[in-house]
1. Which percent of the Cα-Cα distances in segment 161-291 go past 25 Å?
2. Could you work out [θ]222 nm for the chain from helices alone, using -39500 (n - 2.57) per DSSP H run of at least four and dividing by all its residues? Round to the nearest 500 deg cm²/dmol.
3. For the chain, just give the cysteines left without a disulfide-compatible partner, judged by no other Cys Cβ under 4.7 Å.
4. Tell me, what is the 1.4 Å probe accessible area of GLU72, in Å² to the nearest 10?
5. Suppose we keep just the alpha-carbon trace of segment 159-207; what are its Rg and Dmax in angstrom?
6. For a test of understanding, tell me how many lysine pairs in the chain have Cα atoms under 21 Å apart, given they are 8 or more places apart or on different chains.
7. Leaving out ligands, DNA and RNA but keeping every protein chain, what accessible area does GLU162 have, in Å² rounded to the nearest 10, with a 1.4 Å probe?
8. Principal axis lengths of segment 296-377 from Cα atoms, whole Å, largest first?
Amino acid sequence: MSVRVAVAVAVTVVVAASGPASAAADAYSPTELRVLRSLWIGSLPPLPDDPSNAYDTDPRAAALGRAMFFDERFSKSGTVACATCHPEPTSFQDRKPIAEGVGRLTRRSMPLLGVAYNTWFFWDGRKDSLWAQAATPIENPLEHGLARAEVVDYVARLRRDEYEAIFGALPADRTSEAATTRVLANVGKAIAGFVRSIVPGPARFDRYAVAVLAGRAPAADARLTAAEARGLRLFIGRARCTNCHAGPLFTNGEFHFTRVPQTTSDPGRSAAIALVEGDELNCLGPFSDAAPEACGALRFLDRDTRDTLRAFKTPTLRNVAVRAPYMNAGQLATLADVLRLYRDRSHGLKELAHGELTDAELGDLEAFLGTLTGPVTALGPPAS
């Protein structure tokens, strides 16, 4: 990911009429090359350091967080771990339409690939840090289902030594709300230390982009088929997919109303603005490690809810082809369904205007999205 290549003003890429690239030549414009570079995973900056979490780069905290992430004992039923909804073998996403913990929720589990780069968390952005997000399912009665005093009990029984080596002594008084909340926050900070390490590796698209940007023909493991190459051109051009799916994680991290049919009366972002502002675990709260001036996103939060009803966060497209179904409640079964909905329902929505695309062009876009599937790396092996 540290490789840097010069961008040529005009690059010749071999693209076959059908099948892998071969004899026909096509050139990318300087503008297209700039977009390709911006999408290439080598453009991903180093992992950000969260000022509200003083432990996010502490390897001891990350190791503790990893152990808790995979521990089913960390739940009311003794059968639910963070990994229940975010299993490692399937890119840390459970591929279910609706998440299921101790009970059944109303939304789908979000992908965790590159989540440390986010500003807002959950589908509605009701949390402003990865550690506050990580703490939330622990006490949700439908997820882990633990009271804060029970979180302290769990740590005391199973994680005391590791916890106290990092955060200091556990509270003796389990009835103190401030003391038990501090433990919950610290547990969230440890889990965040692990989750921030979950990042996507280079996919075939990235190998292709490296070759293009270097001005050479892609090697066999980097070639795009004719359909994939057409889909890439549509993605960065006429289909305007990069309006929302920009950057090396293929997301702008913002919230959009996409006219996806909702299975419940979920208000999305419009209700979350007040929630994040009033959250005791936010960047400005008493359990944050940040100075107030470091909490710019929260301090300058846009409180206008007029355009946020049923708006949900744009997820990363990295590994999107292998994590069906889609949308905030798994309403759409396939990528083809998603692409058709965006085409057919985007009229009058400026940010979703994808042009007059044919069914064949939608197929090309779907083919390109398959080139974004790559390996996933995370800190250490899964806990036993």
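The values are calculated or read from the model by the stated rules, or taken from the named source; none is laboratory data. Remember, it's a predicted structure, so these values are computed and weren't measured experimentally. As a convention, Cβ positions derive from the backbone with ideal geometry for all residues, glycine included, and neighbour counts pool all protein chains shown. These area figures cover heavy atoms from the full protein model, side chains too; ligands, DNA and RNA do not enter into them. Shrake-Rupley method; radii C 1.70, N 1.55, O 1.52, S 1.80 Å.
1. 57
2. Here the helix-only value at 222 nm equals -9500 deg cm²/dmol.
3. Unpaired cysteines in the chain: CYS82, CYS85, CYS241, CYS244.
4. 90
5. Rg and Dmax of segment 159-207, Cα atoms, are 17.0, 55 Å.
6. 5
7. Answer for GLU162: close to 80 Å² accessible.
8. In descending order, the Cα extents are 43, 39, 21 Å.
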